[in-house]
1. Considering only residues that are acidic (Asp, Glu) and within 11 Å of Thr218 (Cβ to Cβ), look in region 381-411 and name the one that is least open to solvent (accessible area, probe 1.4 Å).
2. Hey, any hits in region 285-304 for a residue that's among the polar types (S, T, N, Q) and in a helix (DSSP H, G or I)?
3. Out of curiosity, is Glu98 surrounded by fewer than 22 Cβ atoms within 10 Å (Cβ to Cβ), of a type in the set (D, E, K, R) and within 22 Å of Val419 (Cα to Cα)?
4. If you take the residues of region 284-301 that are of a type in the set (Gly, Ala, Ser) and open to solvent by less than 20 Å² (accessible area, probe 1.4 Å), which of them is nearest to the chain's Cα centre (by Cα)?
5. Hey, could you check region 43-73 for residues that are open to solvent by 30 Å² or more (accessible area, probe 1.4 Å) and either within 20 Å of Arg140 (Cα to Cα) or touching a strand residue (DSSP E or B) at 6+ places or on another chain (Cβ under 8 Å) (or both) and say which is modelled with the lowest pLDDT?
6. For region 305-322, which positions are surrounded by fewer than 17 Cβ atoms within 10 Å (Cβ to Cβ) and not in a loop (DSSP other than H, G, I, E, B)?
7. Would you check which residues across region 338-371 are assigned to a helix (DSSP H, G or I) and of a type in the set (S, T, N, Q) and list them?
8. Just to be sure I understand, how many residues within region 129-157 are open to solvent by 40 Å² or more (accessible area, probe 1.4 Å), outside any loop (DSSP other than H, G, I, E, B) and either free of Cβ contacts under 8 Å to residues at least 40 places away in the same chain or of a type in the set (Gly, Ala, Ser) (or both)?
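The values are calculated or read from the model by the stated rules, or taken from the named source; none is laboratory data. What you are looking at is a predicted structure, and each value in this text was computed from that prediction instead of being measured. With ideal geometry, Cβ positions are generated from the backbone for all residues, glycine too; neighbour counts draw on all protein chains shown. The area values use the complete protein model at the heavy-atom level, side chains included, leaving out ligands, DNA and RNA. Shrake-Rupley method; radii C 1.70, N 1.55, O 1.52, S 1.80 Å.
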Amino acid sequence: MNLLRTTVALSAIFVAGAAFAQDATGITVWADANRQPAVEAFIAAHPEVPVNLVVDDGSSGASGTFQTKISLADQAGEGWPDVVFSTQNNDAAWATKETNGVQPFAQVLNEGFLGDDFLKGFTPGALDPVTVDGKVYGLRNDLAPVLFWYNKTLLDGFGYTAPTTWEEYQALGDKLAADHPGYFLGGIGDAFEGPYIYYWSGQAPIFQLEGDTFKSNTTDPKAVKVSNLIDHMVANKSLTLDSVFGASFVATAANLVAIPGPAWYAGALFQNPGGVNAKAGDWVAAPPLYWEDGEKVTGNVGGGVWYASSHTTNPEAVKTFLQFIVSDPKVAGTGGLPAYQAAADAWLDGQAASGFYAGDFKAAINTAASSVWNGWGYPNFSPETSWAKIITPGLVAGKTMTDLSSDWQQEMKNEAQVVGYTVE
């Protein structure tokens, strides 16, 4: 019997009016391709639980897939999955609310559904983005704090010292532009990079939520400072406009000297044969950069979430699945830093023992994980959509962040109003 039945074109199935019937003996799981091996590992470990895996995009790039498809199931009154993986932490803002008279999709996990001892096993603060009024509605797959990655071999060869501040990072870009044109310090071509890596790390108050009020201020001095850094480094070409997962970036990866980025770059970018495909011993995972006149804080890029459905007819199978997928050291974190502490410790020890990264990998990750700025908001939409709409095409057209910031701010506020927030 083939327990793994994979459906990719899920939206087409719903559009056609069909829906998956719930299986009282098994569970239906929606997850992206990156999580598929972990789900398959669960199937191998628990053959007693039939799993219908539906592969989608995991709402990456703020596509809204999760919300759109659950809304269709709500309208149909059937077709809800038992478990969903989403790359978006902000999904908790809508998955915890009743919609059009239908109960919230997300199951409350800390009021008897999962044991307190198990939930206490998460890294402190890991469940904060999915906790609403004291109720835990999801389980973080991985933590994604931003740290600073640099190629020690290249820096040593050029006679440069690795930067520790954003000011030094910009100065390094000037040196590369003058002395080693073609070498660069990262990219700004993905919708997640600008907001989460640069503005969040800079404590820029551009994406904040206070109650039901959304606030964004791209003219705040901290935001302006980040905008100026991006403009300066795009102008001297030490920041590329290519996507870090695009063909152009990969083709020039040998010229990548350093890059600020999340913990999951370890597997997704550096140890990925289709990415940087780094050589063991070349790269260092260093603590996050910080502004000289600011706090030593950093940003966060994702760290996906597993949600259990409040509609499930097989809660015991769901519990078994959730506990395995986030805590089993062989699959937890999906190549990144697991959110579950015991699995995180095992992952960090394994990375350190491998010798792949030079420097103190474990210390750098731990520093980043404990330094994420808590002033960023988790409303029911993502800054990625407005970035992709306003900033990406604007930069490609030769405009600057200074030119585009007011339009970006307005677009974020427009999106906030559309989903029902009061805007300041």
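1. Glu411
2. no
3. yes
4. Gly299
5. Gly61
6. Pro315, Glu316
7. Across region 338-371, the qualifying residues are Gln341, Gln351, Ser354, Asn366, Thr367.
8. Of the residues in region 129-157, 4 are open to solvent by 40 Å² or more (accessible area, probe 1.4 Å), outside any loop (DSSP other than H, G, I, E, B) and either free of Cβ contacts under 8 Å to residues at least 40 places away in the same chain or of a type in the set (Gly, Ala, Ser) (or both).
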